[in-house]
Amino acid sequence: MSLDSSNGHYQIYRGNRTTTANEVPTGVHPALKETRFSKVVEFDIPDPCASSKRPRASAEITAQNVTLAIQYGVLEKDRKEAIYNACAAFDHGVQAAHDDEIRVGADTAIFKHLTFLLYKRNVIDGDAFVENLHESDDSGSDQQQNSSKVSEETDQNRDAMTEEITSTLEGLEMVLRCSADCVSISYYRIGQEALPIILSLLQQQLSQKLKSHRNAGRETCHMIGNMNSFQSISTASASVSEKENSSLTNSVSRHCGDSILKTGTKIIGHFARVGQLTEELASTKHLLATLKNIISAPKELFVPIESRMNCLWIIANLACSADNMIKMANHPGLVDTIVNVASHPDSKDEEDCQNVMEYLQIIRSRSIAVRAIHNLSWAEENKIPLAENMELVEALLDTVSHRRSDWTGHGKGVSTILLQSRKHAAAALRNIAAAPRRYKRRLCRLRDGSFLETLAEFAMADPDRDVRDKIHATLYNLVSADTAKQFIEKKAVLDVIVNAATSSMGEDSENDSNDNTTQSMAVKTLRSLEKAIPENENDYDALRPVLSRFDSQIAMNKSQINLGMGMSSHDGRNL
């Protein structure tokens, strides 16, 4: 925690730093053989396999045996059995056991197996391409029937291979539930090769969903256009629905596609929870663009909410790195995508939600998005563009104001998530308010000039002390020679600041030595206003009564404290 003395802006930076263990498993990348300090960010997202747990493997199936079976499994029967056993054995939450799986090379074996399956699927696609060329050479009816059978068989083979790829990805994700140290080891073994392949799979699934949606739309328009006038709309809708289902069945099954999106993004998330890897991850070609595209995919594509949340987590984690903050803020469309998520739920979303779980998904997504904005706002170079983004600032204000919900009280942690969001949003506002003077002035003019009153209401009414502390720090950061007049004109704002500054007899008295309490920040705000306005100006005359009230209240509080101490001393002597 520190006060930036170079510009007088109050900012707090808290980073959790952990040291890797001295004992390093064998076969470790040379760069990992020294003790490291790495910033680790919590990665706590839904388990994509939670809804379809496999039976646990028998005790004699050890990690070593499973890994060997994967290495030797080449024929279809052998490799399917090997991956099934791997998923059964590795689907648990015991971190030490996952570390053992990394030590015996399960991650490497599974990844090599994945590349073999991808090659097999490419061969199937290549054979289909050759068959299509032959079909174009001979357009006879017999040839067309044969080619139709071959095409159907090709689709079945491709779908079967995609199911194997999906299970293999799930096995890799399970192994990577290991400790951060072992995730680092795995990344240096396979990460640089695995990331491009996983990103390619994610892009393929997005493209497939977009293609299916467009084809369904064209089929819908064609069918409705050719309907007889006496055909009912209900019959038309049923026919369209059948076509949509058929198009999904003939391509990669929706189940496999959704699983690849969820599992692939979670694998990247495992890498992203290791602080020392974040810079390299953010520099990986197409990674930021792929994450952005998954988050911003239209609802009509039915991209799983888990994969969207995974991508938000990854972005928030990557943004913890100082080296990534500027790069990510400048990535085309990334901040706008995050702001769009942070702008929900609105009043319409509150009404449209059918159940509390649906509402939780929205507010969890917003909480992660606001945390990403908070992380990006630390960089000095990002303060100006973020302060200029009015939609972003409005989203932060709306988030801080969201203290209650009709869905609160359902026992699902709604209040806790809302509080986390308010804390991150208030911290982001505090950081953005440390922008140069002219941007402070622009911020104070927002909401038709009621920006300061809005902050004052937060500082006075929010039930959480941490949020109030951050809002008072925001008010302090906004003070400058250009904004002092706007503060003086807002009596309600000054009242909130003075009341907080003179609250030493209240809850802040226990922490007067702490430089970031509401009281200490309110005192600094008043002193900054006093310095920002020359004594010979009229605005100082308006400030003088406020300062006099503040000084009088402080003197009264001190006298009461001294009187109380004297009485206690006298009582002690009588005893």
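The values are calculated or read from the model by the stated rules, or taken from the named source; none is laboratory data. Just so you know, these numbers come straight off a predicted model, no measurement behind them. All Cβ positions, glycine included, derive from the backbone under ideal geometry; neighbour counts span all protein chains shown. To get the accessible areas, we keep the full protein, side chains included, count just its heavy atoms, and leave off ligands, DNA and RNA. Shrake-Rupley method; radii C 1.70, N 1.55, O 1.52, S 1.80 Å.
Summary table
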read-out: Options 200, 167, 212, 207; residue that is in a helix (DSSP H, G or I), among the polar types (S, T, N, Q) and open to solvent by less than 20 Å² (accessible area, probe 1.4 Å); value: 212
read-out: Cβ-Cβ under 8 Å pairs, at least 6 apart or on other chains, region 113-124 side closer than 19 Å to residue 154 by Cβ, far side in a helix (DSSP H, G or I) and open to solvent by 70 Å² or more (accessible area, probe 1.4 Å); value: 124/157
read-out: Search result, residues across region 356-372 that are closer than 9 Å to residue 342 by Cα and at pLDDT below 95; value: none
read-out: Qualifying helices (runs of 4 or more DSSP H) (wholly inside region 59-118; at least 2 residues being open to solvent by 40 Å² or more (accessible area, probe 1.4 Å) and either under 15 Å from residue 190 (Cβ atoms) or aromatic (Phe, Trp, Tyr) (or both)); value: 63-72
read-out: Which listed residue, of 140, 105, is modelled with pLDDT of 95 or more and either over 25 Å from the mean Cα position of the chain (by Cα) or among the β-branched types (Val, Ile, Thr) (or both); value: 105
read-out: Per-region count, region 470-493, residues closer than 17 Å to residue 401 by Cβ and charged (D, E, K, R); value: 1
read-out: Positions within region 358-381 being touching a helix residue (DSSP H, G or I) at 6+ places or on another chain (Cβ under 7 Å) and without any contact (Cβ under 8 Å) to a residue 24 or more places away in the chain, in sequence order; value: 362
read-out: Of all residues making up region 268-320, the number that are closer than 21 Å to residue 378 by Cα and among the β-branched types (Val, Ile, Thr); value: 4
read-out: Helices (runs of 4 or more DSSP H) within region 381-498 that include 1 or more residues within 30 Å of residue 551 (Cα to Cα) and of a type in the set (S, T, N, Q); value: 414-432, 451-461, 465-478, 484-488
read-out: Odd one out for residue 282 among (1) at pLDDT 90 or above; (2) farther than 26 Å from residue 372 by Cβ; value: (2)
read-out: Flag for residue 424 being buried (at least 24 other Cβ atoms within 10 Å of the Cβ), out of contact with any strand residue (DSSP E or B) (no Cβ under 8 Å at 6 or more places or on another chain) and over 28 Å from residue 532 (Cα atoms); value: yes
read-out: Yes/no for residue 414 being surrounded by 17 or more Cβ atoms within 10 Å (Cβ to Cβ) and either of a type in the set (D, E, K, R) or under 16 Å from residue 350 (Cα atoms) (or both); value: yes
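This table checks each residue for (1) within 15 Å of residue 429 (Cβ to Cβ); (2) crowded, with 22+ Cβ neighbours inside 10 Å.
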| residue | (1), (2) |
| --- | --- |
| 324 | no, yes |
| 336 | no, no |
| 340 | no, no |
| 347 | no, no |
| 351 | no, no |
| 358 | no, no |
| 379 | no, no |
| 386 | yes, yes |
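Okay, residues lined up against (1) in contact with a Lys or Arg (Cβ under 9 Å, 6 or more places away or on another chain); (2) more than 24 Å from residue 291 (Cα to Cα); (3) modelled with pLDDT under 50:
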site: 194; (1), (2), (3): no, no, no
site: 218; (1), (2), (3): no, yes, no
site: 222; (1), (2), (3): no, yes, no
site: 232; (1), (2), (3): no, yes, yes
site: 237; (1), (2), (3): no, yes, yes
site: 240; (1), (2), (3): no, yes, yes
site: 244; (1), (2), (3): no, yes, yes
site: 253; (1), (2), (3): no, no, no
